[in-house]
Amino acid sequence: MQRNIFEQDHEAYRETVREFLAREIEPNYEQWESDRLIDRSAWLAAGKSGIVGLSVPEEFGGSGVADYRFRYVVAEEIARTATTSFGSGLSLQDDIAIPYIVNLGTDEQKQRWLPGMAVGELIGAIAMTEPGTGSDLQGIKTTAVRDGDEWVINGQKTFITNGIHSDIVIVVARTDPNAGSKGFSLLVVERGMPGFSRGRKLHKVGLAGQDTAELVFEDVRVPATNLLGTEGRGFVHLMENLPLERISIAVNAIAVAKAAYRWTRDYVFERKAFGKPIGDLQNTRFALAEMLTEIEVTESHIDRCVLALNADELTAVDASKGKWWASELQKRVVDRCVQLHGGYGYMMEYPIGRAYVDSRIQTIYGGTTEIMKEIIGRDIASQ
Ligand SMILES: Cc1cc2nc3c(=O)[nH]c(=O)nc-3n(C[C@H](O)[C@H](O)[C@H](O)COP(=O)(O)OP(=O)(O)OC[C@H]3O[C@@H](n4cnc5c(N)ncnc54)[C@H](O)[C@@H]3O)c2cc1C
């Protein structure tokens, strides 16, 4: 079946993204993976080519593109080139950090941060997870105590994407210990604030070049003007953005599954065993047939979610369905594709090898598969 989600503008943009990746990212990617850090120059290049900051409104120096299909194109091209460590930092900026500032920021905050974010000069992060708590955000221990015109932040965060490079970090902190879920707020901590330090650059199973770090806050004094959104409504603000965050992971998942399928389809008709291409074996064909069917069926849901997001109608439940299903599918497909590549599938110089280690995290971050099912189950039970 022909897919009809993209129009001419998206396909023209695809060429821009493809050319950008070939020129700026692919030649350096192996080095950045071994450095375990994508160089900041990649961000600046992305700014110049219009790959970062798509949704920043024009008045703040961005392209003002609200149509998520352009981000879908970026995800597909990044998956095709197996440069996911770059893509995940970019997604954090475009799908999480920027929307928070655009949706919750005051005019003054937008002026201060968005122009830099739009061109890749200012990198954003969000810090929810702590060593003691991830899925259960009510367990957050980081505190922010009001002192005159400032908030004083103490605590520790871990697994923070863009942790090393980030210039601004949206920190989820407890601002009222007696208010339960209404006692959390979002505060923006900026590079160089005394008491704010970065811990280890974390050594991960995959996504080697993705910048993931621990962050430490010791009596960090943040001006009251860095409160993002409304005091005490931190959790509400998180919930409002989660559908976008989750669908961005689902989009990436289906893009990687499709890329893995295509590499494998090409490979099996070239590789010979017992005198014929392994693609001529019934087992291989059944595997390809099953994967393609699952990919196309899943893609329909994700495409519909993206169009719903564009129309501001994407629900948390539909995004959760897309997130857990597509990321579990990605894991299954990539694993089967490694098998069909034989020993070459286990080599990092093959994109399928990279996709294998990079895919594992997808069912964990942005809310685990189990948490997604909790959200869907709660909705079913409430009807
Ligand atoms: C590479 C990477 C990047 C990340 N980037 C960020 C970031 O930028 N910002 C950020 O804040 N965080 C980030 N995270 C953290 C990520 O979101 C958390 O790891 C994730 O939410 C899971 O939390 P946890 O690790 O504490 O696991 P836990 O919450 O301890 O979960 C452990 C297991 O218990 C299960 N479980 C927990 N609660 C339930 C339940 N109610 N029912 C059934 N099962 C349950 C989970 O599904 C999981 O299988 C990142 C993590 C990684 C690895």
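Of note:
- As a calculated quantity, the FRET efficiency between LYS201 and PHE274 at R0 = 51 Å, using C-beta atoms, amounts to about 0.65.
- Residue-span extension gain [GLN383 to GLU19] - 0.36 nm each, minus C-alpha spacing: 126.2 nm
- With Cα atoms as the point set, the stretch 8-122 shows a radius of gyration and Dmax of 13.8, 40 Å.
- Between VAL236 and ASN310, the simple spin-label model (points 7 angstrom out along Cα→Cβ) gives 3.1 nm.
- Label-to-label distance, ARG40 versus MET1, with points set 7 angstrom from Cα along the beta-carbon direction: 4.8 nm.
- Farthest toward positive dipole pole in the chain [+1 Lys/Arg, -1 Asp/Glu at C-beta], among SER359, GLY180, THR16: SER359
- Rg/Rh, computed from the Cα trace of the stretch 255-383 with Rh as the Kirkwood radius, has the value 1.07.
- Counting all C-alpha pairs of the chain, share separated by more than 36 Å (%): 22
- Tilt relative to the chain, helix 107-118 - C-alpha long axis, 0 to 90 degrees, to 10: 30
- Here the stretch 125-232 is treated as an ellipsoid with the same Cα gyration tensor; its semi-axes, largest first and in whole Å, are 23, 16, 11.
- Here the contact order of the stretch 8-122, divided by its residue count and restricted to Cα pairs under 8 Å and six or more residues apart, works out to 34 percent.
- A 1.4 Å probe run over the protein chains yields, for the chain, 45 Å² of accessible area per residue, whole-number rounding.
- Rounded tilt (10° steps) of 282-310 against the dominant C-alpha axis of the chain: 30
- Largest first, the residues GLU76, GLU294 sort by 1.4 Å accessible area into GLU294, GLU76.
- For the stretch 123-269, the relative contact order is 24 percent, taking Cα pairs closer than 8 Å that sit 6 or more residues apart in sequence and dividing their mean separation by the residue count.
- Note on ASN103/ILE364: beta-carbon distance plugged into 1/(1 + (r/R0)^6) with R0 of 30 Å gives a FRET efficiency of 0.70.
- In the stretch 336-379, GluC sites (Glu not before Pro) in a DSSP loop with at most 16 other beta-carbon atoms within 10 Å: GLU349
- Segment ASP147..THR133, full-extension length gain: 2.4 nm, with 0.36 nm per residue of separation and the alpha-carbon distance subtracted.
- Sequence-distant lysines (8 or more away, or on other chains) whose Cα lies within less than 28 Å of LYS157: LYS110, LYS141, LYS182, LYS201, LYS204, LYS321, LYS323, LYS331, LYS373
- Nearest-10 value in Å² for the accessible area of HIS301, using the 1.4 Å probe: 50
- Structural descriptor for the chain: relative contact order 15 percent, calculated from alpha carbon pairs under 8 angstrom and at least 6 residues apart.
- Apportionment of accessible area to carbon and sulfur, the chain, percent (1.4 Å): 51
- Of GLN93, GLN282, GLN111, the residue with the greatest mean-square motion in the GNM of the chain, using alpha carbon springs below 10 Å, is GLN282.
The values are calculated or read from the model by the stated rules, or taken from the named source; none is laboratory data. Quick caveat: nothing in here was measured; it's all calculated off a predicted structure. So basically every Cβ, Gly included, is an ideal-geometry build from the backbone, and we count neighbours across all protein chains shown. These accessible areas exclude ligands, DNA and RNA; they are computed on the full protein's heavy atoms, side chains included. Shrake-Rupley method; radii C 1.70, N 1.55, O 1.52, S 1.80 Å.
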